[in-house]
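Report on the following structure.
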Amino acid sequence: MELELLPLGLPSDSERPFVIAGPCSAETEEQVMTTALQLAKKGCHMFRAGIWKPRTKPGGFEGNGEIALPWMQEVRKETGMLTATEVATPEHVELALKYGIDILWIGARTSANPFAVQALADALKGVDVPVLVKNPVNPDLELWIGALQRINNAGVKRLGAIHRGFSSYDKKIYRNLPMWQIPIELHRRYPNLPIANDPSHISGRRDLVAPLCQQAMDLGMDGLIVESHCQPDQAWSDASQQVTPDVLDFILDRLVIREKVESTESINQLRKQIDEIDDQLIDLLAKRMRISREIGLYKKEHGMTILQTGRYSEILDKRGAQGSLMGIDPECIKKIFEQIHEESVNQQADVMNK
Ligand code: PEP
Ligand code: MN
């Protein structure tokens, strides 16, 4: 299904990504105003703050709710910045609109739940407000697209996506794995849908915010939503990932924004070389499969089983190590060989069951 889109119309400096910055949560009027004034002074056009906070466990700061909405009005009045907040229920939508919040976003826990997204869509019928849909916590592109479609079906045409990474049991450097291929595929399917990156929730650590912003720009993302707090270490939520407005300004200043040119002669030349190599790869794979089938025949004639795990582990280890010597991530090589092996097994099974 196509999405019916209009430009988001969010302010940005020419050719630069749009930037929404502000604290994870609106904690006190003073914290909101201090942060907002500092951001505005740095030239920021859009202010974010969570009014209702979805928390993994009870007992954390769950947001101030309605009493914090006039602080957002004050931000708008004092700084001219547009304001943005997360909505998770129809009641949040109603209140956010009542207090003139300019931009709404749907959080990762909400976009994972079609009932909740549909309830929001129903509340947004006939309302012209930009809505940004964060990826669901689980790496499911179809669920993300489904959420975007539900909101779009309600008539919201100023629609965008936020890539905030995906939750995983095995936390390594990132709080949420970026899995860049997912927003890239979203962009391939909906080239006109703006996508912003949220380096704060991906990283969970302030030292990784800058490199993630740059990576998002290198992939041609349209905007950034970054958590910024006047006193990050004192923040009531997500303290470790927030940066001061000063640091944010420093990060944004140093971003290299590459031009989005479709292709140049030199790129086309390089792509031709890639195409040739891909042809050779497929040729080689087909040859490898033919040999697998021969092995299958041999195993059939000699009553052997298909799977010989010793051989399989040997291939994975040997090729992983070889890849790493040649500057390719051994994990990537392993994944490729797992796929090749799976197809080999299928081909052998095919021969043996004939
Ligand atoms: C947030 O933006 O503060 C937030 C709660 O984000 P997410 O929904 O991505 O976890
Ligand atoms: Mn947060």
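Brief remarks follow.
- At R0 = 30 Å, FRET efficiency that the Cβ-Cβ distance of Ser14 and Gln231 yields, to 0.05: 0.40
- Long hydrophobic helices in the chain: the complete DSSP H runs spanning 20 Å or more by Cα along their own axis with mean Kyte-Doolittle hydropathy of at least -1.0 are 265-301, 309-325, 330-352.
- A Förster radius of 51 Å, combined with the Cβ-Cβ distance separating Asn268 from Thr56, puts the computed FRET efficiency at roughly 0.60.
- Largest-first ordering by accessible area, 1.4 Å probe, given options Ile336, Ile51: Ile336, Ile51
- Projecting label points 7 angstrom from Cα along Cα→Cβ for Glu2 and Leu97 puts them 2.7 nm apart.
- Gap separating the Cα centres of the range 1-57 and the range 159-193, nearest whole Å: 19 Å
- Global geometry of the range 63-109, whether rounded, prolate or oblate, following the gyration tensor of its Cα atoms and the 1.5 cut on a/c: prolate
- Counting only heavy atoms of the protein chains and using a 1.4 Å probe, Leu284 has close to 100 Å² of accessible surface.
- Cα shape, the range 265-352, gyration tensor, a/c 1.5 rule: oblate
- For Met304, the accessible area of its heavy atoms, probed at 1.4 Å with every protein chain present, is near 70 square angstrom.
- Per residue, the average separation of C-alpha pairs within less than 8 Å and at least 6 apart gives the chain a relative contact order of 14 percent.
- Ordering His92, His45, His163, His187 by accessible surface, largest first, gives His187, His45, His92, His163; the 1.4 Å probe counts only protein heavy atoms, with every chain in place.
- Probe 1.4 Å - accessible area at Asp238, Å² to nearest ten: 30 Å²
- A cut-off of 5 Å between modelled amide H atoms, ignoring neighbours fewer than 5 places along the same chain, links Phe166 with Leu177.
- With contacts taken as Cα pairs under 8 Å and at least 6 residues apart, the range 165-302 reaches a relative contact order of 17 percent.
- Largest GNM mean-square fluctuation across Gln242, Gln31, Gln181, computed for the chain with C-alpha springs under 10 Å, falls on Gln181.
- Potential extension, Asp122-Leu281 segment - 0.36 nm per residue separation minus Cα distance: 52.3 nm
- Computed from the Cβ-Cβ distance with R0 of 51 Å, the FRET efficiency linking Gln215 to Arg293 stands at 0.75.
- Of Leu307, Leu252, Leu124, the one that fluctuates the most in a GNM where the chain has Cα springs shorter than 10 Å: Leu307
- With contacts taken as Cα pairs under 8 Å at a separation of at least 6 residues, the range 43-164 carries a relative contact order of 21 percent.
- Rounded, prolate or oblate (a/c below 1.5 giving rounded, otherwise prolate when a/b exceeds b/c) for the range 18-253 by Cα gyration tensor: rounded
The values are calculated or read from the model by the stated rules, or taken from the named source; none is laboratory data. Computed from a predicted structure; not experimentally measured. When we count neighbours, we look across all protein chains shown, and the Cβ atoms used for this are built from the backbone with ideal geometry, even at glycine. To get the accessible areas, we keep the full protein, side chains included, count just its heavy atoms, and leave off ligands, DNA and RNA. Shrake-Rupley method; radii C 1.70, N 1.55, O 1.52, S 1.80 Å.
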